[in-house]
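Only one structure is covered here, and it is reproduced in the block below.
The values are calculated or read from the model by the stated rules, or taken from the named source; none is laboratory data. Owing to the predicted nature of the structure, the values given are computational and were not obtained by experimental measurement. Every residue, glycine as well, gets a Cβ built from its backbone with ideal geometry; the counts of neighbours run over all protein chains shown.
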Amino acid sequence: MRVRSAIGEVRGLGSARSGAHHWWLERLTSISTLLLFIWFMVSILRMPSLGHGPVVEWLSSPLVAIPMLLLIVSTFWHLKLGLQVVIEDYVHEEGTKLFSITLLNFFTIAGAASAVFAVLKIAFGGDAS
Amino acid sequence: MPRNPSRPLSPHLTIWKWGPHMLVSILHRITGAGLATVGAAALVWWLVAAATSAEAYADFVEVATSWFGILVGVGLTWALFQHTLSGIRHFVLDMGAGYELSTNKRWALVTLGLSLALTIAFWLLIVGID
């Protein structure tokens with residue numbers, strides 16, 4: 001029988017030195033996401049129409065495209081940090097955990113890149129249709 | 001992690017009487033996971049459709065305004081409000097405040113009530129938009 005407890009295995013090794021950083025970034029991105037979503041929800045409610053023309057015209061303004069890009073980066077960053085904690089809490093097998101977190105990173109970056117590209121295309125494209 | 005199985009585990013989920021603080025805690029995670037997957041996908045679809053063509057945007061609108069789309073939309077806005085409010089509650093708890101039993105229960109209940117009220121208000125306003 002093993003007489004060393006789990007704490008005995010790690011005592012003296014120090015922390016991984018990244019947990020506090022992850023925790024802090026999650027809080028930081030939650031504040032930026034909150035502020036940007038207040039802007040987004042109010043803007044949506046103030047739109048005269050949510051049809052294609054008005055939405056494209058709205059997104060092509062720099063004063064909309066810039067906060068929209070910030071919202072995308074902030075939201076995807078925050079959701080990546082959050083989902084990673086969920087994975088780490090429930091997936092205990094090291095290989096599956098690494099695979100899940102890798103997939104999460106791929107999907108986060110692909111999703112954010114698609115959304116950013118869409119906004120930039122509208123913002124730089126002039127007439128997007 | 002190696003663990004000595006003869007040592008006792010602390011009492012876990014099953015022995016506690018459910019309270020609003022427990023509901024709000026797990027809802028924070030559930031709504032977060034829902035927003036991060038379904039919500040993020042909806043945002044990307046909306047933006048990519050707008051950037052692609054009027055036809056692609058019409059496809060999005062058709063799904064979004066179907067009964068299923070509206071159900072998902074209402075669910076996502078409720079999840080957004082609930083996650084935001086319980087997130088603000090977490091900020092207060094992170095500062096070490098709000099742990100008194102009655103205070104903790106009251107603010108948990110406030111996030112539940114307020115998220116429902118905000119969701120209803122948001123959708124009453126949005127049905128006025130074309």
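Of the residues in the stretch B:94-109, not one is of a type outside the set (D, E), within 12 Å of chain A (Cβ to nearest Cβ) and part of a helix (DSSP H, G or I).
Evaluate the following for B:G87: is it part of a helix (DSSP H, G or I) and not acidic (D, E)?
On the way: part of a helix (DSSP H, G or I): yes; not acidic (D, E): yes.
Against the criterion (part of a helix (DSSP H, G or I) and not acidic (D, E)), B:G87 qualifies.
Given the residues B:A97, B:A117, which is the only one that is exposed (fewer than 13 other Cβ atoms within 10 Å of the Cβ), at pLDDT 95 or above, over 17 Å from A:I44 (Cα atoms) and of a type in the set (A, V, I, L, M)? Working first, answer last.
Working: B:A97 fails: at pLDDT 95 or above.
None of the others qualify; the one that does is B:A117.
When the stretch A:5-59 is filtered for residues that are in contact (Cβ under 8 Å) with a residue 40 or more places away in the chain and away from every other protein chain (no Cβ under 12 Å), the ones remaining, listed by number, are A:H22, A:L25, A:S32.
Considering the stretch B:4-29, and only residues there that are at pLDDT 95 or above and at the interface with chain A (Cβ under 10 Å from one of its Cβ atoms), the residue that is nearest to B:L101 (Cα to Cα) turns out to be B:H28.
Report whether or not B:A33 is surrounded by fewer than 14 Cβ atoms within 10 Å (Cβ to Cβ), within 8 Å of another protein chain (Cβ to nearest Cβ) and either out of contact with any helix residue (DSSP H, G or I) (no Cβ under 6 Å at 6 or more places or on another chain) or under 27 Å from A:E88 (Cβ atoms) (or both). Judged against the criteria, B:A33 is not a match.
Of all residues in the stretch B:80-94, how many are charged (D, E, K, R) and crowded, with 17+ Cβ neighbours inside 10 Å? Explain how you work it out, then say what you get.
Going residue by residue through the stretch B:80-94, those that are charged (D, E, K, R) are B:89, B:94.
Remaining after also requiring crowded, with 17+ Cβ neighbours inside 10 Å: B:89.
Final tally of qualifying residues: 1.
Here are some residues: A:L79, A:L98, A:L104, A:L71. Which one is within 17 Å of the chain's Cα centre (by Cα) and either facing chain B (nearest Cβ under 8 Å) or without any contact (Cβ under 8 Å) to a residue 12 or more places away in the chain (or both)? Every option except A:L79 fails the conditions. Does B:V44 satisfy the criteria of being among the aliphatic types (A, V, I, L, M) and within 12 Å of another protein chain (Cβ to nearest Cβ)? Yes: the conditions hold for B:V44. In contact with a Ser or Thr (Cβ under 6 Å, 6 or more places away or on another chain), without any contact (Cβ under 8 Å) to a residue 40 or more places away in the chain and β-branched (V, I, T): does that describe B:V92? The answer is no for B:V92.
Would you please name the residue that is farthest from the chain's Cα centre (by Cα), looking only at residues in the stretch A:53-68 that are of a type in the set (A, V, I, L, M, F, W, C) and loosely packed, with under 15 Cβ neighbours inside 10 Å? Steps first, please.
Within the stretch A:53-68, the subset of a type in the set (A, V, I, L, M, F, W, C) is A:55-56, A:58-59, A:63-66, A:68.
This time we only want the ones that are loosely packed, with under 15 Cβ neighbours inside 10 Å, so: A:63, A:66.
Details: A:L63: 22, A:I66: 17 Å.
Looking at residues that are of a type in the set (A, V, I, L, M, F, W, C) and loosely packed, with under 15 Cβ neighbours inside 10 Å, I get A:L63.
Of the residues making up the stretch B:66-73, none is outside any helix (DSSP H, G or I), of a type in the set (F, W, Y) and farther than 18 Å from A:L71 by Cα.
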